[in-house]
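Working notes, structure below.
Laboratory data are not the source of any read-out in this text; all were calculated from the coordinates shown. Since the structure is predicted, the reported quantities are computational estimates derived from the model, not experimental observations. Cβ placement follows ideal geometry from the backbone for every residue including glycine, while neighbour counts extend to all protein chains displayed.
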């Protein structure tokens, strides 16, 4: 981090399209932060940025952004294909970095960024925003307390009509959210991945996909990802041996519901030594715990600034970003092999 001539952190924003304005807004909402510069290749977006942040340096050049005097950090919200080069340049220039998901286009790129940040004692954070929501925090607490029992499977649906990405498929666009959530909740990454999908647009990128994951613990996870749905769904089912959770991010309230429901299966042996199964269904009460309603991105920016202040790792660091990229790579390989199970390296 560069030496500062004033008490406020000076932050540059690379990319002012869909997500960049949200990052800039939450940075400027902190009394100890200033949006010192914004860069984007679209003059129309820069014109909007200049109106919102009249005191910031507005430029099409990322190099110019990095040259802003006493710049402390850069947040990168650009197409994924540019993440590696921009983050690398910022780290080389001595800036702490927050990168929008996914961290990079390959695990090799992600590892290079991690090593560079470590070598220069810089902060490298990844924008997995859902990990900062009150809903995921509450689910994490419930799982850590063992209320669900043994976790059996995750079943997630994340679909909507668009937004089609110009440089990547639906898995790289939507799956990082679910992968980061599952990784955080169980502290594990899958060992095997299978993915199938189809492409319906001229871009050539898969726009409907199904990803299956297996874990050494016996845990299974399934993701349904879709850019062609008439409705927007953000729903995850978490099944445990004692209770189950339905996490619906589209719910205005009661996003997390805990069901005291489950199934137990016992083997019995009759007089003729024939194995049979006795299935017991348990249907109990549903509870909806109270959640922290703070804006997730503001909580994330707070954590990033804490990391800058204390010079300690952020909640979602480069290694967490790498774990997601590793799974995405395996999913891509499986896609090209018609759903073959691919190990995660």
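One table, with the values for the structure above:
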| item | result |
| --- | --- |
| Label point distance in nm, residue 216-residue 312, each placed 7 Å from Cα along Cα→Cβ | 2.9 |
| Label point distance in nm, residue 200-residue 229, each placed 7 Å from Cα along Cα→Cβ | 1.3 |
| Mean Cα-pair separation over length for the chain, i.e. relative contact order, pairs under 8 Å, 6 or more apart, % | 18 |
| Stretch gain in nm, segment residue 63-residue 191, where the contour uses 0.36 nm per residue and the Cα spacing is subtracted | 42.1 nm |
| Exposure proxy order (Cβ contacts within 10 Å, fewest to most) of 95, 315, 232 | 232, 315, 95 |
| Mean separation of Cα contacts under 8 Å (6+ apart) over length of the stretch 16-117, as relative contact order % | 21 |
| Angle in degrees between helix 107-119 and the longest Cα principal axis of the chain, rounded to the nearest 10 | 50 |
| Projected area averaged over orientations for the stretch 66-131, convex hull of C-alpha atoms, nm² | 4.4 |
| Whole-angstrom gap from the stretch 56-117 to the stretch 303-321, using each part's C-alpha centre | 15 |
| Sites residue 341 and residue 108 - FRET efficiency at Förster radius 22 Å, r taken between beta-carbons, to 0.05 | 0.50 |
| Degrees separating the helix 318-336 axis from the principal Cα axis of the chain, which is the longest one | 60 |
| Convex hull volume per residue in cubic angstrom - Cα atoms of the stretch 88-181 | 148 |
| Folded to 0 to 90 degrees: helix 134-144 orientation relative to the chain principal axis, Cα | 50 |
| Residue-span extension gain [residue 18 to residue 41] - 0.36 nm each, minus C-alpha spacing | 6.9 nm |
| Relative contact order of the stretch 150-260, pairs being alpha-carbon contacts under 8 Å that are 6 or more residues apart, as % | 35 |
| Packing-based exposure ordering (other Cβ within 10 Å, fewest first) of 164, 205 | 164, 205 |
| Cα-derived Rg to Rh of the chain, Kirkwood definition | 1.02 |
